[in-house]
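Some notes on the structure that comes next.
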Amino acid sequence: MPERDLDSSWLHAWCQQVSQGVSQLMETFEETHGYPAGDNEVALADDETRDAVTLLTNHRSECVALLSLFAVIDSVSLPDIGNGYFIHPPSTVTAHLDEYGTVPLENGDHGIVFGSDGGGNLFALAANGTVHKSRTASWNDEFYAVAASLRDFLEQLHDVIGQFAATGHPGAL
């Protein structure tokens, strides 16, 4: 099912909002948390990203949402937001598909791993567009649904950043 709500303009707005929120948070991060922040960033797609997306398309053309995401975003690295959140670049997603294949999801479906958290838990996108998370840091572990769509996942990630900025304690995806 195509991800109808994950269009380029929405993704660009999401990138801008997240980048602004992270920048504001990083201004006082060391003072607040007692250690320097790492590199927290949203990297926009470039020619290298587009080349890697071509390889991903050859693997799984049914993941329209990932292709829409990677048309705008190369990767997201937020090591200092809670335990950390990462959306892997398409080259990594493709390399993982080559090495590990898809992962089994709770409903008997399979998903493509596209991200992780700082504890090594994985995020996978099902062909129907739902996002799932592994219960532990394993490719063979049980995955459970955490978002109805990739857009919903990104909105939740935005909310986690906002909550962390406001309280010092992130929510969880």
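Quick rundown of the values:
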read-out: The chain: angle of helix 8-27 to the longest principal axis, Cα-based, in degrees nearest 10; value: 30 degrees
read-out: Heavy-atom accessible surface of segment 55-137: percent carbon and sulfur, 1.4 Å; value: 47 percent
read-out: Inter-label distance for Glu27 and Asp51, nm, one decimal - labels placed 7 Å from Cα along Cα-to-Cβ; value: 3.8 nm
read-out: Computed helical MRE - 222 nm, the chain, DSSP H runs ≥ 4 contributing -39500 (n - 2.57), nearest 500; value: -14000 deg cm²/dmol
read-out: Mean Cβ count within 10 Å, highest first, over the residues of peptides 36-44, 131-139; value: 131-139, 36-44
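The values are calculated or read from the model by the stated rules, or taken from the named source; none is laboratory data. In this text the structure is predicted, and so the values were computed from the model without any measurement. We place every Cβ from the backbone using ideal geometry, glycine too, and count neighbours over all the protein chains shown. For accessibility, only protein heavy atoms count, side chains too; no ligands or nucleic acids. Shrake-Rupley method; radii C 1.70, N 1.55, O 1.52, S 1.80 Å.
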